[in-house]
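Working notes, beginning with the structure itself.
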Amino acid sequence: MSQEVRGVIAPGKDEPVRVETVVVPDPGPGEAVVRVQACGVCHTDLHYKQGGISDDFPFLLGHEAAGVVESVGAGTTEVEPGDFVILNWRAVCGQCRACSRGRPWYCFDTHNAGQPMTLAGGTELSPALGIGAFAEKTLVAAGQCTKVDPEVSPAVAGLLGCGVMAGIGAAVNTGQVGRGDTVAVIGCGGVGDAAVVGARLAGAARVIAVDIDERKLRQAESMGATHTVDSSATDPVEAIRELTGGFGADVVIEAVGRPETYEQAFYARDLAGTVVLVGVPTPEMRLELPLLDVFGRGGALKSSWYGDCLPSRDFPMLIDLHKQGRLPLEKFVTERIALDEVEQAFDRMHAGDVLRSVVEF
């Protein structure tokens, strides 16, 4: 039988979110119902609320989550009831041309649950990133559940479901930071700080954090940045070059998603260096660069979608590093809040007062 739970709904563009009754159906073939234990308040949820991703209102927000599998549908083999899982928004198909070439992190046919969750009156909900985890329970494709060690706090584990994984993966998977490299990270919110952590994990000798907010620069230092640049007062390109003997960084990770900061990243890298775009731009943004500079500087210009991660490979590994004390996931949790405090958490996020607010159930 279907269940009624509480969930956070974005009813319309720029309207305040509210807690409503959500109907969660029994899982069908290949689906799972997950009892959510914690869900981070991610900037992507704010984009949904603002109508920046689509206009398929109402949305059931939340996607950066961990919880326990409650039930599974017929034919489900990935997980079973009782498993502690991190939810991911890219369940790979295993059959498309990317998967068949051994690159499942590029899967071109990812999928979500086939059945809709609804409001009590029957209105279908659009779950954020196919998850909708600002709810006591949610319905997902079983492939969106990645089993990990249950000894880890759900509030910490769930962060790998989006922002932290995106940042770490931008450094480790996409940027392929190596031992002794110099890395610059432009934009030191949650994703940028995770890129700082990822660069240090990969063995970077120097990590230069760039932001316009002094508070964020201090936070980046606590995550492992060796140098900071206040780009509200200093040209970040010149500052990064000065810190690298005039050459530029081996890898520059742009975690803002704006044309002007991308241009800074482009010119702050060394010749034949790598630029990684992990900040999410909006549809109207345009980039203009001299084509001769793109040609003449060589190297690689990459985008990093979800940190080029493969959840089944990366989540358990990162949880293990956390248990070893080598990955300080707990530093990303600024506050723990209740379900009805999400709207206020968006305000604190917008003001730059938090790294991550985490809803706990």
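The values are calculated or read from the model by the stated rules, or taken from the named source; none is laboratory data. Just so you know, these numbers come straight off a predicted model, no measurement behind them. Neighbour counts are summed over all protein chains in view; Cβ atoms, including those assigned to glycine, are modelled from backbone coordinates with ideal geometry. To get the accessible areas, we keep the full protein, side chains included, count just its heavy atoms, and leave off ligands, DNA and RNA. Shrake-Rupley method; radii C 1.70, N 1.55, O 1.52, S 1.80 Å.
Counting only trypsin sites (Lys or Arg not before Pro) that sit in a DSSP loop (anything but H, G, I, E, B) with at most 12 other Cβ atoms within 10 Å, what is the longest stretch of the chain containing none of them?
In the chain, the maximal stretch lacking such sites is 180-285.
When every alpha-carbon pair in the chain is counted, what percent end up more than 39 Å apart?
Here the long-distance tail beyond 39 Å is 14 percent of all Cα pairs in the chain.
What is the distance in Å between the Cα centres of region 208-254 and region 138-207?
The distance from the Cα centre of region 208-254 to that of region 138-207 comes to 19 Å.
Report in % the part of the accessible area of the chain that belongs to carbon and sulfur, leaving out ligands and nucleic acids; probe 1.4 Å.
49 percent
Before I look further, what does the chain give for accessible area per residue, probe 1.4 Å, in whole square angstrom?
On a per-residue basis, 42 Å².
With both bridge residues required to lie in the chain, what share of the DSSP beta bridges run antiparallel, to the nearest 5%? Write down the numbers at each step before the final one.
Details: 36 of 63 bridges.
So the antiparallel bridges amount to about 55 percent of the total.
Sorted from largest down, give the three principal axis spans of the alpha carbons of region 187-234, whole angstrom values.
In descending order, the Cα extents are 30, 19, 14 Å.
Looking at the chain as a GNM with Cα springs under 10 Å, which of 58, 328, 127 has the largest mean-square fluctuation?
It is 328.
Mean residue ellipticity at 222 nm from the helices of the chain, using -39,500 (n - 2.57) per DSSP H segment of n ≥ 4 over the full residue count, to the nearest 500 deg cm²/dmol?
My calculation for the chain gives -7000 deg cm²/dmol from helical runs alone.
Which cross-chain or sequence-distant (5 or more) residues have an amide H under 5 Å from the amide H of residue 336, H modelled 1.01 Å from N in plane?
The answer is 358.
How about residue 137: which lysines have a C-alpha closer than 29 Å to its C-alpha, ignoring those fewer than 8 places off in the same chain?
Partners found: 13, 49, 147, 323, 331.
So what are the three principal axis dimensions of region 260-361 from its Cα atoms, in whole Å, longest to shortest?
54, 34, 21
Using only alpha-carbon positions, what ratio does the radius of gyration of region 139-298 give when scaled by 2.2 N^0.38 Å?
Ratio of Cα Rg to 2.2 N^0.38 Å: 1.07.
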